[in-house]
Structures are given as C-alpha cells and as structure tokens.
Amino acid sequence: MTTTGPLRGVRVLELAGLAPAPFACTLLSDLGAEVLRIDRTDTPVPVSAAQDPLARGRRSAAIDLKQPGGAEAVLRLVERADVLVEGFRPGVCERLGIGPDTCLARNPRLVYARLTGYGQSGPLAKRAGHDINYLALSGALEPLGPADGPPLPPLNYVADFGGGGMLLAVGILAALWERQSSGRGQVVDAAMTEGAALITSILHGLRDQGLWQVRRGGNLFDGSAPFYTTYACADGRFVAVGAIEPQFWAQTLAGLGLAAGDLPAQHDRAAWPAVKARLASVFATRTRDEWATVFDGTDACVTPVLSPFEAHLHPHNFARGTFTEVNGQLQPSPAPRLSRTPAAIASPSPRPGEHTDTALAEWGLTTDEITNLRKDGTLR
C-alpha cells in the first residue's frame with residue numbers, strides 16, 4: 001500500500017470495534033498511516049464489509065484474542081507499531097493480556113489510544129452507553145430541539161464522531177509529536193462525553209456574556225433567530241439561512257423582496273417569531289432550487305439543505321472533489337487538504353481476515369509463527 005500523506009511511515013494497529021474508533025483510524029489512514037485492523041475470528045463475514053467507508057484504507061488480519069497465542073501475536077505486532085487503537089470498555093484489553101502496561105513494556109515508544117464513552121476512570125467508566133447518552137451527560141443535548149418539544153439528538157455526529165473519533169485522532173497526533181522529543185509513548189484516554197463537553201465551549205462563553213438563555217429556544221444558534229434557521233420551500237425541501245452579520249441579513253431580505261425598514265430590528269428577540277413567520281411565508285412561494293438560484297452569487301448566507309446523498313451533485317462540492325467513488329460506492333473524500341503531502345484513500349475496505357498471512361508477515365511474524373497460529377485456530 002503506497003501512501004503520500006504526512007503520516008507515511010506511521011504504523012497503526014487497530015483492534016476492530018464500532019464506528020468512532022474506526023473513524024479515527026480512517027482519518028489516520030487517509031493521512032498516510034499504515035493501518036492493520038485486527039478482526040475477530042468468531043463472527044460471520046458480512047457481505048457488506050467491503051462497502052464500509054469507515055474501514056477504507058487498511059488491511060485486516062483475523063486473530064482470536066481468546067486463544068492462548070492470540071495475545072502474544074498482538075504483542076509481536078505491537079513491537080512494530082507506532083500506535084494501537086482500541087475502543088473496548090475499560091479493563092477488557094487488560095484481561096486479554098494486551099493492556100497498556102503490557103504493550104508499553106514490549107514497545108516503550110507505543111502510543112496506546114483508548115476511546116470510550118465515559119473514560120477509563122470515574123463512576124460511569126464501565127457503564128454502557130451511546131452517543132445520545134454522552135451528549136445528555138455532557139450538556140450538549142439539552143440545547144438542541146424546539147422550545148416546545150424534547151431535546152433532539154443530531155444523529156450520532158457529535159459524541160461518536162466529533163467528540164470521539166476526531167478527538168481521538170487529535171490525541172494520537174499530539175502524542176506522536178511529543179514522542180519525537182521524549183522518545184517515549186503514552187496512553188491517550190479519549191472519552192466521548194468529554195469530547196462532546198469540549199464542543200460546548202462556545203455556549204459557556206455566550207452564557208457568561210449574557211448572550212445565551214439557559215432554557216431551550218430564543219437563542220442565537222438554536223434555530224430561534226429568523227436569520228439563523230431553516231425554512232420550508234414550495235416543494236417541501238428546505239433552505240438554510242445563516243445571515244448573522246447585518247450586511248448579510250440585508251442581502252437576505254433583499255433577495256426575498258423585503259425591505260429592512262418594514263421589519264423589526266434584527267436582534268429584537270421579542271419580534272423573532274413574527275419575523276420568522278413573515279420569512280416562512282415568502283420562502284414557501286418557491287422551490288428550494290429556485291431560491292438557490294436567487295441567492296447564487298450573493299453573501300446572503302442562504303444555501304439549499306442537501307441530503308447526504310445529493311450533496312456530491314452541488315457545483316462547489318463537485319469542483320472541490322468533496323466526494324469520491326471507491327469501488328463504485330460514493331463516500332466523502334479525505335480531508336483536510338495538504339499542499340505537499342496530500343491525503344488519499346490507500347485502498348478499498350477489506351473483508352475481515354482478508355490479509356491475515358501477508359500482513360502479519362510484513363509486520364514481523366515468521367512463517368513458522370503464522371503456521372503454528374493457524375494450526376491452533378488463533379488465525380482465520
């Protein structure tokens with residue numbers, strides 16, 4: 001696997017898990033790291049395994065970690081690894097014999113990266129949870145949704161991927177950078193609850209400035225403001241308006257054929273419901289794409305709300321190559337863009353165990369070791 005990204009030469013050992021940790025490994029792979037995923041041997045191989053964008057750019061070896069030789073096989077790979085990524089509950093890797101102390105004893109330069117919902121310590125450390133739970137506990141969920149309804153989760157974007165996988169990748173990069181001067185690895189303890197809390201930093205600042213109400217609704221970014229919300233169009237689709245600055249708000253009103261002088265002041269919160277209703281009645285007179293044409297070329301900050309499966313057709317996304325095809329499947333392209341060492345998709349997603357023998361050999365296991373591990377059922 002030939003890579004061009006800035007992480008070329010970095011070897012990542014990924015213990016297969018659910019979406020957030022694989023997302024972090026996908027980011028590292030796109031940026032040039034060599035990622036070897038260790039899959040389980042006791043689960044059926046799904047037909048769709050090769051169609052998972054969160055598995056692209058790595059190879060797969062299937063090792064039964066519950067077999068006597070499983071832990072030792074992983075430790076042999078750890079000797080050649082720069083990073084190990086795991087997303088199990090606290091204590092699982094220790095019980096398997098591949099915890100951080102054991103791995104760092106085998107390779108003191110290893111960055112041992114752990115991603116969990118609640119972190120490696122604390123009263124909830126070993127409790128089960130999902131994105132919505134981590135959002136709820138961090139304070140990130142309560143502000144989301146209408147004032148007259150319950151909080152609404154933003155799919156599983158925020159805790160799983162933003163506060164989880166992406167923050168884990170940042171921690172790994174930081175530890176790799178520090179290792180250049182110290183020569184030593186360390187443990188990265190990334191908790192999705194803490195990542196989600198970190199994302200709410202702006203709300204704490206707005207509250208302390210008197211610019212954010214504790215109750216849901218009536219705030220700048222929660223959809224209450226007529227200049228920062230979405231509107232339904234004649235075809236049932238939507239446009240997004242983000243005209244926060246007064247000059248952008250003026251262009252929005254001009255595109256709608258409204259005069260600023262005929263409406264209350266932009267930041268008159270008491271008048272926001274009436275202004276929203278007025279704008280809603282105008283947006284409802286044309287289709288989404290007609291409004292996109294009206295506001296094209298302006299700074300009104302009015303854009304069509306696209307589905308994830310039509311976004312690749314937008315002229316800007318098409319020109320930038322924001323989406324790409326891998327084996328005929330549409331998926332987001334690597335990001336961010338680097339001028340000299342660009343990120344790239346190293347390979348399509350593997351089926352579990354697809355590269356067991358070849359990958360293990362390239363990572364330092366001998367032919368005899370691989371043969372013996374296969375004979376005793378440790379490998380698939």
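The values are calculated or read from the model by the stated rules, or taken from the named source; none is laboratory data. The shown structure was predicted, so the numbers you read here are calculated from the model rather than taken from an experiment. Note that we place each Cβ from the backbone using ideal geometry, even for glycine, and neighbour counts take in every protein chain shown.
To keep it simple, each residue is scored yes or no on (1) touching a Leu at 6+ places or on another chain (Cβ under 6 Å); (2) surrounded by fewer than 19 Cβ atoms within 10 Å (Cβ to Cβ).
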site	(1), (2)
Thr193	yes, no
Leu206	no, yes
Leu211	no, yes
Arg215	no, yes
Gly218	no, yes
Phe221	no, yes
Ala225	no, no
Cys233	no, no
Val241	no, no
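Being free of Cβ contacts under 8 Å to residues at least 60 places away in the same chain, assigned to a loop (DSSP other than H, G, I, E, B) and polar (S, T, N, Q), is that true of even one residue in segment 342-353? Spell out the reasoning first.
Within segment 342-353, the first condition is being free of Cβ contacts under 8 Å to residues at least 60 places away in the same chain, and the residues that meet it are none.
No: zero hits.
Annotation note: Cβ proximity below 7 Å between a residue of segment 313-326 that is under 22 Å from Pro348 (Cβ atoms) and a residue that is assigned to a helix (DSSP H, G or I) and of a type in the set (S, T, N, Q) (sequence gap 6+ or interchain) occurs for Phe323/Asn317.
Total residues in segment 79-107 satisfying the condition of being surrounded by fewer than 23 Cβ atoms within 10 Å (Cβ to Cβ) and under 18 Å from Gly353 (Cα atoms): the figure is 0.
Which of the following residues is touching a Gly at 6+ places or on another chain (Cβ under 8 Å) and surrounded by 14 or more Cβ atoms within 10 Å (Cβ to Cβ): Thr298, Thr356, Thr324, Thr341? First the steps, then the outcome.
Values: Thr298 fails: surrounded by 14 or more Cβ atoms within 10 Å (Cβ to Cβ); Thr356 fails: touching a Gly at 6+ places or on another chain (Cβ under 8 Å); Thr324 fails: touching a Gly at 6+ places or on another chain (Cβ under 8 Å).
It is Thr341.
Conditions tested, residue by residue: (1) among the hydroxyl-bearing types (Ser, Thr, Tyr); (2) modelled with pLDDT of 95 or more; (3) assigned to a loop (DSSP other than H, G, I, E, B).
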position	(1), (2), (3)
Ala277	no, yes, no
Ala300	no, yes, yes
Thr303	yes, yes, no
Ala335	no, yes, yes
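Taking the condition in a helix (DSSP H, G or I), farther than 27 Å from Gly210 by Cα, at pLDDT 95 or above and among the hydrophobic types (A, V, I, L, M, F, W, C), does Trp249 pass? Answer is no for this residue.
Residues that are touching a Gly at 6+ places or on another chain (Cβ under 9 Å) and among the hydrophobic types (A, V, I, L, M, F, W, C) were ranked within segment 222-264; the one that is farthest from Trp291 (Cα to Cα) is Ala225. Scoring Thr43 on the criteria (1) of a type in the set (S, T, N, Q); (2) at pLDDT 95 or above; (3) loosely packed, with under 15 Cβ neighbours inside 10 Å leaves a single failure, condition (2).
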